[in-house]
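S.K.: Attaching a single structure in structure tokens format; questions to follow.
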Amino acid sequence: MTNRLVLTGTVCKTPTRKVSPSGIPHCQFVLEHRSQQQEAGFSRAAWCRMPVVASGHTLQALTHRLTVGSQITVSGFISCLQGRNGLNKMVLHAEQIELIDSGD
């Protein structure tokens, strides 16, 4: 079964970092996406905020460069994560993160 998502957007919440009891580093942040999409022959505004988790040593060097306002493309898979309130939320588990050059 296929489970792939590629999403481009702006980091809109300050990344937080934790290390699991097994020593795996995790970085969590929220990515905001805004675009115009075609649906049934009409232009439609698309908008979402997606929680992202980047785990492992490979991605950590890159996540240290992320700040609120960073433009990035994230590819990975989606899964549910149960929050403290007991409700499930969809989370993008990053396998690759690409910083988008702002041209400044």
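The values are calculated or read from the model by the stated rules, or taken from the named source; none is laboratory data. Treat the numbers as computed from the prediction; the structure is a model and nothing was measured. Positions of Cβ are backbone-derived with ideal geometry, glycine not excepted, and every protein chain shown enters the neighbour counts.
S.K.: Name every residue in region 1-46 that is surrounded by 15 or more Cβ atoms within 10 Å (Cβ to Cβ) and either assigned to a loop (DSSP other than H, G, I, E, B) or of a type in the set (Val, Ile, Thr) (or both), in order of residue number.
M.R.: The answer is Thr8, Thr10, Val11, Val30.
S.K.: Suppose the filter is closer than 11 Å to Val11 by Cβ and exposed (fewer than 14 other Cβ atoms within 10 Å of the Cβ); does Leu99 pass it?
M.R.: yes
S.K.: From Arg4, Arg17, Arg49, grab the single residue that is closer than 26 Å to Gln82 by Cβ, touching an Asp or Glu at 6+ places or on another chain (Cβ under 6 Å) and among the basic types (Lys, Arg).
M.R.: Arg49
S.K.: Scan (1) part of a loop (DSSP other than H, G, I, E, B); (2) among the charged types (D, E, K, R); (3) touching a helix residue (DSSP H, G or I) at 6+ places or on another chain (Cβ under 9 Å) for the single condition Glu95 breaks and write down its number.
M.R.: (1)
S.K.: Then there's this: Can you run down the residue pairs with Cβ atoms below 6 Å, 6 or more apart or on separate chains, where the first is in region 48-65 and modelled with pLDDT of 90 or more and the partner is buried (at least 16 other Cβ atoms within 10 Å of the Cβ) and assigned to a helix (DSSP H, G or I)?
M.R.: Listed by first residue and then by second, the contacts come to Ala54/Thr63.
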